[in-house]
Amino acid sequence: MKLRILLATFGLLLAGLVATPAVADVTPSDGVAASARAHACTRTSSGTCIRGGQFCPQSKYGRSGWDANGRRYVCKGNRTHPHWMRP
């Protein structure tokens, strides 16, 4: 039984030493807005990225979405026919 515990402990220690090291988050200094890097574009039901002025689903009302260029839009306007609009 002591041998099993010793082997299990050794295995855990070895696994900790072999684990991949954490990679530092490198931020590019190319002038792109942070929101553009942090968010992928919000997709429509047809699979394309949203564009300003397009209708958005009623279930998205009040939520944010991002276009292909990283610009933020909010689903707002008339609750029965909301559109993606700039905040």
### Message
among the small types (Gly, Ala, Ser) and touching a Ser or Thr at 6+ places or on another chain (Cβ under 7 Å): which single residue out of GLY70, GLY52 fits that description?
### Response
GLY70
### Task
Could you tell me whether CYS75 is modelled with pLDDT of 95 or more and touching an Asp or Glu at 6+ places or on another chain (Cβ under 6 Å)?
no
### Query
In the stretch 64-87, which residues are surrounded by 14 or more Cβ atoms within 10 Å (Cβ to Cβ) and either assigned to a loop (DSSP other than H, G, I, E, B) or hydroxyl-bearing (Ser, Thr, Tyr) (or both)?
SER64, ASP67, GLY70, ARG71, TYR73, GLY77, PRO82
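The values are calculated or read from the model by the stated rules, or taken from the named source; none is laboratory data. Since we're looking at a predicted model, the values are computed, not measured. A quick note on method: Cβ atoms are made from the backbone with ideal geometry, for glycine too, and the neighbour counts reach across all protein chains shown.
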